[in-house]
Amino acid sequence: MNTLPPEIVETLKKFLEEDVRSGDLTTNVTIPEENTALATIYAREKAVLAGIKEAEAIAYLTGLTYEVLAFEGNWVSPEEPVMRLRGKARTLLTVERLILNIIQRMSGIATKTYRMVSVAREENPKVKIACTRKTTPGFRFFEKRAVVIGGGDPHRYALDDMVLIKNNHITAVGGVHEAVSAAKDAVSFSKKISCEARTLQETEEAISAGADIVLLDNFSPKDIGGLIEVLKSKGSRGNVILEASGGIDEDNVREYARNEIDVISSGSLTHSYDSADFNMRLSLN
């Protein structure tokens, strides 16, 4: 059995139940129960492989044996076999779509992440590429794990991971300084405090109030570069983490990375990716 958390294995079990319900009608009326088979999963395009641990867990849950042929995080080529599964033919056919759905989606995310990280680090070797909470409900763990496999950062998994003060929080409390100060008074030192800023003035307010991270949302690359130069000239850049976000994708990530930015976060990693193409081929034992 692999190292996925028990609650994630339970989620995979629920995915199975959603798909199968009372039984795989087509398979059960066409395939003799005693038939056994070998199923091989192949890549059909070049991609960064992800989702194999999930496939292992599904195999374990359904009584299949398996052999992993390619490692997560590696590039795979068209027609390259990545996994073999053995067992009852009925079971292999029943789990086929769920396993492929997960591998295709996670590999698509991992591939997009790898490409964005590669482009950004050509300009700025230390920059982190992070995803956001713009994820599919119920599938967040898998999407964020795929980002990590692709070389990215998962950012926060849920709302209790850190303090992230957004524009609406600032409006509701009356200002950047008030929001950051309230957070510092209320939370443990172990929790980082991030504050969104829309202007240079708000950035300086967040830094002076003690924010650990300033989120520069919807700034152009040029505006971020100018803001950083002003902070440096005033000696206020300090150790604060500067994060760029908003409309950043493969097409413009290079421009953002050219600045002395620490983190670039992109919702597109988990909401605007292309699934990678994989298939499963069955042969009777």
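Where a number appears in this text, it was derived from the coordinates with a stated rule and is not lab data. Because the structure is predicted, anything quoted here is derived from the model rather than measured. FYI the Cβ positions are ideal-geometry reconstructions off the backbone, even for glycines, and counts take in every protein chain you see.
Of the residues MET83, MET116, MET106, the one that moves most in a GNM of the chain with alpha-carbon contacts below 10 Å is MET83. Taking the charge dipole of the chain about its Cα centre, with +1 at Lys and Arg Cβ atoms and -1 at Asp and Glu Cβ atoms, the residue from PRO125, GLY174, ASN218 reaching farthest to the positive side is PRO125. When DSSP beta bridges are restricted to pairs lying wholly in the chain, around 50% turn out antiparallel.
Taking only the C-alpha atoms of the range 122-271, the Rg (one decimal) and the largest Cα-Cα distance, Dmax (whole number), read 15.2, 46 Å.
Dividing the C-alpha radius of gyration of the chain by 2.2 N^0.38 Å, with N its residue count, gives 1.21. Hey, in the GNM for the chain with a 10 angstrom Cα cutoff, which one of ILE170, ILE103, ILE129 fluctuates hardest? Ranking ILE170, ILE103, ILE129 by mean-square fluctuation puts ILE170 first. With R₀ fixed at 30 Å, the C-beta to C-beta distance from GLU260 to GLU10 puts the FRET efficiency at about 0.10. In this simple spin-label model, placing a label point 7 Å from the Cα along the Cα-to-Cβ direction at both SER77 and SER190 gives a separation of 4.8 nm. In this calculation the C-beta distance from VAL29 to ASP160 is compared with R0 = 51 Å, giving a FRET efficiency of 0.60.
Rounded to the nearest 20, the size of the Cβ-charge dipole of the range 122-271 about its Cα centre is 340 debye, with Lys and Arg at +1 and Asp and Glu at -1. From the largest down, the range 46-141 spans 51, 31, 17 angstrom on the principal axes of its Cα atoms.
Residue pairs exceeding 18 angstrom between C-alpha atoms, taken from LYS134/LYS166; LYS112/LYS134; LYS192/LYS232; LYS112/LYS144: LYS192/LYS232. Spacing of the modelled spin labels on THR65 and ARG281, each 7 Å from Cα toward Cβ, amounts to 2.2 nm. Across the range 188-203, rounded Karplus estimates of 3J(HN,Hα) from the backbone phi angles (6.51 cos²θ - 1.76 cosθ + 1.60, θ = phi - 60°) give 5, 4, 6, 9, 6, 10, 10, 9, 6, 9, 9, 9, 4, 4, 5, 4 Hz, Gly and Pro being marked x. Structural descriptor for the range 122-271: relative contact order 29 percent, calculated from alpha carbon pairs under 8 angstrom and at least 6 residues apart.
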